[in-house]
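Have a look at the structure below before the remarks.
Quick note: the coordinates plus some simple rules give every number you see, no bench work behind them. Here the structure is a predicted model, which means the values were calculated and not measured. Using ideal geometry, Cβ is built from the backbone for each residue, glycine included, and neighbour counts are taken over all protein chains shown.
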Amino acid sequence: MVNIGLVGYGYWGPNLARNFSRHSGCQLFGICELNPNRAITAKQDYPGALVVTDYLDLLKLDKIDAIVIATPVGSHFRLAQAALLAGKDVLVEKPFTATVHEAEQLLELAKQKSRIIAVDHTFLFTGAVKKIKEIIDSGEIGDILYIDSVRVNLGLFQNDVNVIWDLAPHDISIINHLINLDPVAVTAVGISHTNSKIEDIAYVHIEYAGQLIAHLHLNWLSPVKIRRTLIGGTNKMIVYDDMDASEKVKIYDKGIVVNNQLETSDIHKIIVDYRTGDMVAPKLNNAEALSAEVDNFISCVRNRETPLVDGLAGLRVVKILEATQKSIENKGMRIEFT
């Protein structure tokens with residue numbers, strides 16, 4: 001059995017606790033929660049677990065094999081570093097860290113200590129994203145031309161991070177997973193409508209080598225909740241709507257054919273033919289993504305394997321997040337990656 005110590009029993013912690021407690025290969029051994037009322041709730045929910053308010057009380061327990069961190073991003077580095085130094089494997093809620101430097105330090109420390117470090121990018125374990133990855137890798141949609149994502153809702157307003165750091169990790173991690181390319185530049189704009197100066201609406205433009213671009217629309221002030229991604233390919237196109245209960249992924253046999261056989265005198269003319277075919281909604285695995293993620297983490301702890309979403313994957317996301325923040329602070333400056 002793998003013994004788990006959970007840090008944080010606020011918004012996401014209970015979901016992690018539920019999945020780890022139900023896994024046959026591990027035990028939710030301890031929970032650390034600073035808020036007295038939330039600590040009482042944790043004890044009521046899991047009477048068999050040790051509930052503490054001091055993080056060191058978890059780290060000093062030799063029986064605990066891995067620490068799961070579900071706290072605000074500003075504390076991720078300190079908590080993960082302490083866990084690694086104590087010889088524990090670590091799973092960190094998204095985003096991995098608050099800076100690229102912190103992420104790089106954790107990766108180096110995990111390597112030195114021969115510890116596993118994973119990042120909680122849950123969407124990569126959904127049946128929808130798995131199916132989209134399978135379709136792209138098969139070559140069915142051809143070369144990817146663009147990825148356009150909308151992730152908006154009314155709230156939840158955060159006190160420590162802006163809408164990009166809150167919502168974009170989902171889309172960035174999905175994009176990184178699907179195309180496995182590092183961007184060449186990013187441009188972002190955002191605005192705050194509260195006294196906090198924390199951006200609640202933002203638009204992120206990501207450039208890749210060639211003609212591939214990605215665009216993210218992020219908003220805490222939307223009257224409706226939308227979770228939709230469009231992926232355009234040279235052969236087919238994909239619509240991924242996470243709010244659609246029955247057909248989250250749709251493959252459209254649609255596209256354009258550009259006539260490049262033009263005479264010199266017709267150089268200013270564009271001849272485009274439109275191709276319209278069938279739409280297919282493939283069957284998806286509807287198992288809970290977080291359960292699959294927990295299973296992957298426990299398996300990796302047991303067998304000393306690299307998680308599907310390891311620290312390097314977390315670092316790649318933080319690099320883009322940090323660049324978008326720099327772009328916003330410089331009024332939409334184009335930030336190039338070196």
What angle, in degrees between 0 and 90 and rounded to the nearest 10, separates the Cα long axis of helix 76-85 from the longest principal axis of the Cα atoms of the chain?
60
Asserting the computed 222 nm helical MRE of the chain (DSSP H runs at least 4 long, -39500 (n - 2.57) per run, divided by residue count, to nearest 500) equals -10500 deg cm²/dmol
Once Asn37 and Asn15 are pulled to full extension, the length gained, defined as 0.36 nm per residue separation minus their Cα-Cα distance, is 6.2 nm
Which of the trypsin sites (Lys or Arg not before Pro) across segment 27-62 are loop residues per DSSP, with 15 or fewer other Cβ within 10 Å?
Lys60
Cα centroid separation - segment 125-151 against segment 180-228, whole Å:
19
If you plug each phi of segment 304-317 into the Karplus form 6.51 cos²θ - 1.76 cosθ + 1.60 with θ = phi - 60°, what whole-Hz ³J(HN,Hα) values come out, in order, with x for Gly and Pro?
6, 10, 7, x, 4, 10, 8, x, 5, 5, x, 4, 4, 5
For the table Lys113/Lys319; Lys60/Lys111; Lys131/Lys283; Lys94/Lys250; Lys63/Lys94; Lys88/Lys113, the rows whose alpha-carbon distance is greater than 18 Å are Lys113/Lys319; Lys60/Lys111; Lys94/Lys250; Lys63/Lys94
Surrounding charge for Leu218, neighbours by C-beta under 10 angstrom, Lys/Arg +1, Asp/Glu -1, total -3
